[in-house]
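Right, one structure below, let's go through it.
The values are calculated or read from the model by the stated rules, or taken from the named source; none is laboratory data. From a predicted model like this one, the values you see are computed outputs, not experimental measurements. Cβ coordinates were reconstructed from backbone atoms using ideal geometry, including for glycine residues, and neighbour counts include every protein chain displayed. When the accessible area is computed, the model is the full protein with side chains, heavy atoms only, and any ligands, DNA or RNA have been set aside. Shrake-Rupley method; radii C 1.70, N 1.55, O 1.52, S 1.80 Å.
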Amino acid sequence: MARRRLLPLAAVERLMKKAGAERISPTAVKALADILETVAGDIASRAVRYANYAKRKTVTRKDIELAASE
C-alpha cells in the first residue's frame, strides 16, 4: 500500500515549473516531494520544541523562522 503524501505531487510539480523546469520526470517530482516533506517535518519539530521551551502551546511564525534558520 502506498504511503499517504502530505504534499500533493501536482503542487510540487508546479514549484519545479515555476523554478524553470520545462520537463519533469514523475520520479523527480516524487523525490523532491520526499525531501520537502522531510525538511518541513524537521523544521516543524524544532519549532514545536521552541514553543514548548517558551512554555507556549502555540507555534508562532518566529518559532518557524528560528527553526528554519538552523
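Estimated at 0.36 nm per residue, the fully extended path between Arg14 and Asn52 surpasses their Cα-Cα distance by 10.2 nm.
Which of the lysines could a cross-linker bridge to Lys18, judged by Cα under 29 Å and excluding same-chain residues fewer than eight apart? Here the lysines satisfying the reach criterion relative to Lys18 are Lys30, Lys62. Subtracting the Cα-Cα distance of Arg5 and Arg61 from their residue separation scaled by 0.36 nm leaves 17.8 nm.
Computed about its Cα centre, the charge dipole of the chain is approximately 320 debye, with only Lys, Arg, Asp and Glu carrying charge at their Cβ. Per the Kirkwood formula applied to alpha carbons, the chain shows a radius of gyration over Rh ratio, Rg over Rh, of 1.11. Rolling a 1.4 Å probe over the protein heavy atoms leaves Asp42 with an accessible area of roughly 80 Å².
Seen from Arg56, the other residues with C-beta closer than 13 Å to its C-beta sum to a net charge of +4, counting Lys and Arg as +1 and Asp and Glu as -1.
Sites listed here are GluC sites (Glu not before Pro) in segment 1-57 whose DSSP assignment is loop and whose Cβ has at most 15 other Cβ atoms within 10 Å: Glu22.
Of all segments of the chain bounded by trypsin sites (Lys or Arg not before Pro) found in a DSSP loop with no more than 10 other C-beta atoms within 10 Å, the longest spans 24-54. Using a Gaussian network model of the chain in which every pair of alpha carbons under 10 angstrom is joined by a spring, one finds that among Ala40, Ala19, Ala51 the greatest mean-square fluctuation is at Ala19. In sequence order, segment 56-70 has phi-based couplings of 10, 8, 8, 7, 9, 4, 4, 4, 5, 5, 5, 5, 6, 7, 6 Hz under the Karplus curve 6.51 cos²θ - 1.76 cosθ + 1.60, θ = phi - 60°, and Gly or Pro positions carry x.
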